[in-house]
1. Quote the relative contact order of segment 26-150 in percent (integer), defining contacts as alpha-carbon pairs under 8 Å separated by 6+ residues.
2. Can you bin the chain into rounded, prolate or oblate? Criterion: square roots of the alpha carbon gyration tensor eigenvalues sorted a ≥ b ≥ c, rounded for a/c under 1.5, prolate for a/b above b/c, oblate for the rest.
3. Return the carbon/sulfur percentage of the accessible area of the chain, one whole number, probe 1.4 Å, all protein chains in place.
4. Describe numerically, in nm with one decimal, the distance between label points set 7 Å from Cα along Cα→Cβ at THR206 and at SER353.
5. Per the Kirkwood formula on distinct C-alpha pairs, the Rh of segment 44-106 is how many angstrom?
6. When every alpha-carbon pair in segment 172-228 is counted, what percent end up more than 15 Å apart?
7. Using r as the Cβ-Cβ distance of ALA382 and ASP326, and R0 as 25 Å, what FRET efficiency do you calculate, to the nearest 0.05?
8. Could you list which residues have their amide H under 5 Å from that of GLY91, counting only those 5 or more apart in sequence or on another chain, with H placed in the peptide plane?
Amino acid sequence: MAETAVDRGDVQEQIVTPWDVVASEKGVDYGKLIEQFGSQRIGGALLDRIERVTGQKVHRFLRRNVFFSHRNLEQVLDNYEANKPFYLYTGRGPSSESMHLGHLIPFIFTKHLQDVFDVPLVVQMTDDEKYLWKDNLSLEEVHRLAFENAKDIIACGFDVNKTFIFSDLDYMAQVPQFYQNVLRVRKHVTYNQVKGIFGFSDSDSTGKIAFPAVQAVPSFSNTFPHIFGDRPDIFCLIPCAIDQDPYFRMTRDVAPKLGYLKPALVHSTFFPGLQGPKGKMSASDASSSIFLTDTPNDIKTKINKHAYSGGRDTEEEHRKIGGNTDVDVSYQYLTFFMDDDDKLAQIKKDYESGKLLTGQLKQILIEELQKLVGDHQSRRQAVTDDLVRQFMTPRKLNFDPSK
Ligand code: TRP
């Protein structure tokens, strides 16, 4: 990426695109991002309504503001209450074999939504995107990675009767409706628009400039005739990290011009890297991430060695003034993964009062993550190539498009 005005310090503005996060020392200001992007905050009233409509306690990701922003989520609830169908759409860019904890967040939440609402799900593997953006990956390699990453996604527990996972490279050749919708979108989006939304420059390849339409069209139900028949009017909800929003701003702009529905969205914050609150976990820096392939010992070593601490320099000082949970990465990670609200509140209280030391806090996290990652590994082990092929075959799902 070329140096931006923000790098030079000319502009005091944070920039979040699917490829770039430029933020201040304190990390991303998510409140400001809601303003910049024009989305809505997920507030208490909406959480109450979700609880009422679904008849169960909202997921910890909602209770803890991990999914903090949305577009048209009320409409999804309206549909559900009126017994009108909708479906879920999310995805993954398969750029490496090594998925990390941060990559799990949207999938954990999507799996929860699939269970609660009992709806179909499509998962897009953008092998084409990664081919275009990464210099060192061949088409064969990104295609292989799509298949490999699908195993980690399946290991999150999705129901094969309600879930379709597809590689763009495969699906484009299998189902004509995919490319037809891509063309419809391309016809109505100008270069000037994608330049404005994504920050493309004149030296970006035409492959990149043309790509956003590919990520847009799974938002339209007639892209999946084997699931939805020829109906273009089945509503779509997209759980994603907030950096993917530019794709869907474009999608929502163009949808009415094509006679399609604008998709609804729920956005998550970034999962922090081990070394601090700034930015997101990066798969290219081994010491900044916990990988889904890490051993219990890897996890222990990484947390103890690299997890940024909000504790004080000496035990004496820590006992006196307590730790800072706002910046402590171990505590932050627990907010993502420890489900028990009371237990988490007690940990916060004890850490801030100085009763709980950094080493003890890290130990709690280590055990939590060793279990999470270990369980994930056993489930992934059980995912056969055959099962992956089943998930990735265009077919009918448990869904009646005539309703
Ligand atoms: N571009 C995303 C990535 O690089 C992958 C993706 C495709 C996606 N479709 C999506 C993510 C829909 C969230 C929702 O990871």
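1. It comes to 23 percent, rounded to a whole number.
2. prolate
3. Ligands and nucleic acids excluded, carbon and sulfur reach 47 percent.
4. About 6.7 nm, to one decimal.
5. 13.9 Å
6. So the pairs more than 15 Å apart make up 50 percent of the total in segment 172-228.
7. 0.05
8. Correct list: GLN124.
The values are calculated or read from the model by the stated rules, or taken from the named source; none is laboratory data. What you are looking at is a predicted structure, and each value in this text was computed from that prediction instead of being measured. Heads up, the Cβs are rebuilt from the backbone with ideal geometry, glycines too, and the neighbour counts pull from every protein chain shown. The area values use the complete protein model at the heavy-atom level, side chains included, leaving out ligands, DNA and RNA. Shrake-Rupley method; radii C 1.70, N 1.55, O 1.52, S 1.80 Å.
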